[in-house]
Amino acid sequence: MPHDSFPQKVTDLRIECPHCGHHVFVTIDPTSGDQDYYDECSACCNDIHLNMHIDEYRQKIELAVNCDDEQIF
């Protein structure tokens with residue numbers, strides 16, 4: 001499949017903070033390719049590790065959310 005057939009749009013997702021369980025909204029932007037970054041929980045102020053992988057073959061966005069000592073999908 002051609003690269004430009006994969007949907008490329010900014011999306012807001014609701015995730016659960018791995019530290020306190022609070023629901024947090026994060027914005028993911030697949031137009032920049034794979035990303036590895038941290039965002040801060042608005043409730044407990046701890047860093048949330050986000051690792052986004054673009055799987056163009058399966059046309060999926062895989063987002064791993066963790067606090068660096070455990071993985072939650």
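The values are calculated or read from the model by the stated rules, or taken from the named source; none is laboratory data. Here the structure is a predicted model, which is why all the values come from computation and not from measurement. So basically every Cβ, Gly included, is an ideal-geometry build from the backbone, and we count neighbours across all protein chains shown. Please note that ligands, DNA and RNA were not included when accessible areas were found on the heavy atoms of the full protein model with its side chains. Shrake-Rupley method; radii C 1.70, N 1.55, O 1.52, S 1.80 Å.
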Within the set of other residues whose C-beta is less than 12 Å from the C-beta of Pro30, count the net charge using Lys and Arg as +1 and Asp and Glu as -1.
-3
Additional length obtainable on full extension of the chain from Asp55 to Asp39, 0.36 nm per residue less Cα span
3.5 nm
Express in nm, to one decimal, how much length is gained between Cys67 and Ser32 on full extension, taking 0.36 nm for each residue of separation and deducting their alpha carbon distance.
10.3 nm
Solvent-accessible ranking of His49, His23, largest area first, probe 1.4 Å:
His23, His49
